[in-house]
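The structure appears right after this line, and notes come after that.
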Amino acid sequence: MKSARIIVLAIAVGAGGLAALLAGNMGEPEVVTVEQPAAAPEIATEDVLVAARDISMGSAVGNEGLSWQAWPRDAVNPAYITRAVRPDAAEDLAATIARTPFLAGEPIKEAKLVRTDRGFMSAILPAGMRAVATPISPETGAGGFILPNDRVDVILTRRLGSQSAPTDGNSYVSETVLTNVRVLAIDQTVEEQNGEKVVVGNTATLEMLPEQAEALALADQLGELSLSLRSLADAAADAEGPQLAKDMSGKKSSGASGVTMVKYGIQAPAMRR
């Protein structure tokens, strides 16, 4: 009887020890530490004057056309206007006119603005360029679909022959005189009005170099001028600006002091000096 109790007691002690051993092996629950992401470094900014709305070429900026916007200091171009340097710039430039279009949020560059107390057309002309007007009609102006800032080619249509050598009155020739010419205005319209996509006028003002203006004036006397509208893709691909496709003026021959004269479309050498 005594031995049976000893056996039961031994079993109980063993079970208790086993339970204690298992509990010790389980240990405390593992604690998982979640690392918080480091705070992003603060970016230094500076207030830059930007367009508060879309501003088209030739439009007045106005009091609500400009606003200050935080801009990364490392990305501030020297041409940008900052509040730290010119705190009154928004009020000072409100009375200006845009020489080129601005998109909302685009930084303002003062070189693209013009004061209203100056001549507008002379202000929007780049240095070295000239504004030349030429008569147009719906037939010679692409049906009225030419708008300011479009690019056009100038085509001359003239009668063949001259006063001294007339030809059949029905003989005509067409040739491109100028290519990739920017349209500054149609009559007095320098921008689209109320979303209108067609401007039918009697006069187109074109931007070109002085020698090209001379060629255009001569071509206007030789026959009828027409404007051929270029696609935006062609205008963007040709970044050289207006080009003289056909020399309408006289050329000095190399190695000689004579001058070539052009009369009625026929070249004839002038008397040598």
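The values are calculated or read from the model by the stated rules, or taken from the named source; none is laboratory data. This one's a predicted model, so the numbers in the text were calculated from it and none came from an experiment. Because the Cβ atoms are built from the backbone with ideal geometry, glycine has one as well, and the counts that use them run over all protein chains shown.
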ask   = Any idea how many residues of segment 33-45 are out of contact with any Pro (no Cβ under 8 Å at 6 or more places or on another chain) and either in contact (Cβ under 8 Å) with a residue 12 or more places away in the chain or closer than 16 Å to Gly105 by Cα (or both)?
value = 0
key: Condition met for Glu35 (modelled with pLDDT under 80 and out of contact with any Asp or Glu (no Cβ under 9 Å at 6 or more places or on another chain))   = yes
task = Test Gln243 against the stated conditions and say whether it is within 27 Å of the chain's Cα centre (by Cα), modelled with pLDDT of 75 or more and not hydrophobic (A, V, I, L, M, F, W, C).
result = yes
First in segment 50-65 and in the same structural domain as Ile108 (by TED's automatic domain parsing), second anywhere and surrounded by fewer than 18 Cβ atoms within 10 Å (Cβ to Cβ) and assigned to a strand (DSSP E or B), Cβ under 7 Å, 6 or more apart = Val50/Ser67; Val50/Gln69; Ala52/Ser67
inquiry  = Being touching a Leu at 6+ places or on another chain (Cβ under 7 Å) and of a type in the set (D, E, K, R) is the filter here; which residues of segment 90-109 pass it?
reply    = Arg99
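Considering only segment 61-86, state which residues are in a strand (DSSP E or B) and among the β-branched types (Val, Ile, Thr).
The one that is in a strand (DSSP E or B) and among the β-branched types (Val, Ile, Thr): Thr82.
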message = I need a count of the residues in segment 130-162 that are at pLDDT 85 or above, within 27 Å of the chain's Cα centre (by Cα) and aliphatic (A, V, I, L, M).
response = 6
query = Of the residues in segment 87-116, how many are more than 14 Å from the chain's Cα centre (by Cα), in a loop (DSSP other than H, G, I, E, B) and in contact (Cβ under 8 Å) with a residue 24 or more places away in the chain?
reply = 5
task = Return the residue satisfying two criteria in turn: it lies in segment 42-58 and is surrounded by 20 or more Cβ atoms within 10 Å (Cβ to Cβ) and at pLDDT below 90, and of such residues it is farthest from Asn149 (Cα to Cα).
result = Ile55
